[in-house]
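Each reported figure results from applying straightforward, stated rules to the coordinates on display, with no laboratory input. Treat the numbers as computed from the prediction; the structure is a model and nothing was measured.
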Amino acid sequence: MATSSICTIEDCARPLASHGMCNFHRRRLKRGVDLYAPSIHASRGLPAAFMYGVIGTTEQACIKWPFATNGRDGRGVIKIEGVMRQVHREVCQMVHGDPPTSAHEAAHLCGKGHEACINPNHLAWKTSAENKADMNIHGTRRRGSAAPGAKLTEESVREIRKLASTGVSQHSLAACYGVSQGVVWKVIHGVTWTHVQSR
């Protein structure tokens, strides 16, 4: 006789993960939250219904999150038990189980994370290095002056390296470009801005 692939918690139709429960209820158990409290308390209304509705989909095209995004990188967000969470990470956990380590990221195999894709068929747990490598392949990794909070440009990086080679001190360069000496050191020694080649 085949075993059920559905969570055994009453009125829950989410996919079974382990110990007779889905990932949602396993997380509740770990936090000491009432397992039988209606799921509407976890996240309310249409956003919650939409998120749970993508579980088990066979859709191969991207499924765009139509609600709130974090604005910074376009990824969908939802409030669960009073905490703002990334939707794609929640979906990845519900479908693929807990991440192998706390450092693993919910990566978008489609390269459309910035467009708020939450299709579980497009998500997988990957290390930060693996995720960055995928972003390079997809052309979606924001590097250099396109990165959030960047204080330098590709041209200023070339200037810093050129001036440093003529003997200008790192402290002088830091003051001139409005960054710390540590930032200048990393630029000069190729720790950061590795994609910028000198002319």
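Could you pull out every one of the lysines with an alpha carbon less than 25 Å from that of Lys151, ignoring same-chain neighbours closer than 8 positions? Candidates past the 8-residue exclusion: Lys132, Lys162, Lys186. Pairs of Cα atoms nearer than 8 Å and 6+ residues apart set the relative contact order; for segment 39-141 it is 29 percent.
The aspartates and glutamates within cross-link reach of Lys126, meaning a Cα-to-Cα straight distance under 17 Å and a gap of 8 or more places when in the same chain, are Glu90, Asp98, Glu105, Asp134.
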